[in-house]
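Encoded as structure tokens, the structure appears first; notes follow it.
None of the figures in this text is laboratory data; all of them are computed from the coordinates on show. Just so it is clear, the structure is predicted and the values come from calculations on it, not from any experiment. Cβ atoms come from the backbone with ideal geometry, glycine included; neighbour counts cover every protein chain shown.
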Amino acid sequence: MLFSMLISLPNLITLELGLVPLSQQSLTLLPTSLLNNLEHLYYRDCFSDVIFKQFLLLSSNSLKSLKVNLRFCLFIEQVQQQCPLNLTHFHLVIKHDNSINNFDHSFNVLIILLRNLPQLVHLKLSSTTFHDYLSNRGPIFFKAFSQALAYSLKIFEVNLNIPDEYLKILFDEPELNIQYFSFYCRIYGKILLNV
């Protein structure tokens, strides 16, 4: 049903996929030009990785904004190896996972992914369950994260705990051009900075 509806919308610009049953077999029915005009994709983590990767590949030329769960970073990086993504807006939702090795690996993948988004203007990192994602890695990891951010980045929103010394690392980074910083964490409440 969803695929036949998508086929009837060749000029679709925004797509948010929620709890819709999709099968990998029905992907073969999709024309490769189907998502050529798609600019905004919000992909919840209720679908298979194969379907996500296919949607990303089909829309890679036109996609400008993407909202996904942290677990999809590896697949975004794999797509980046096949074709460049010209994302200007990226919203990453971080959910808790009991495997700390998985988080370390995902953090390294996130750094690689960010290094390959030179046109990124708006980055939002949010979590409802794991607020220490950035702060429990140590200053070396956070320095690498800060250095991976593109000079084009103007807006940075984060609702994760970031210790003061890490904020200093971020704002001392000479290659950053952040003009708007929205910071919310459990300790400080909401802080907005216009730089």
**Message:** If I model a spin label at GLU165 and ARG115 as a point 7 Å from the Cα along the Cα→Cβ vector, what separation in nanometres do I get?
**Reply:** 2.5
**Request:** Mind giving me the nanometre distance, one decimal, between the label points for ILE155 and ILE140, set 7 Å out from Cα along Cα→Cβ?
**Result:** 3.5
**Item:** Label-point separation in nm, SER182 to THR32, each point 7 Å along Cα→Cβ
**Value:** 3.9
**Asked** Among the lysines, which have Cα under 17 Å from the Cα of LYS95 when same-chain residues fewer than 8 positions away are ignored?
**Response** LYS67, LYS124
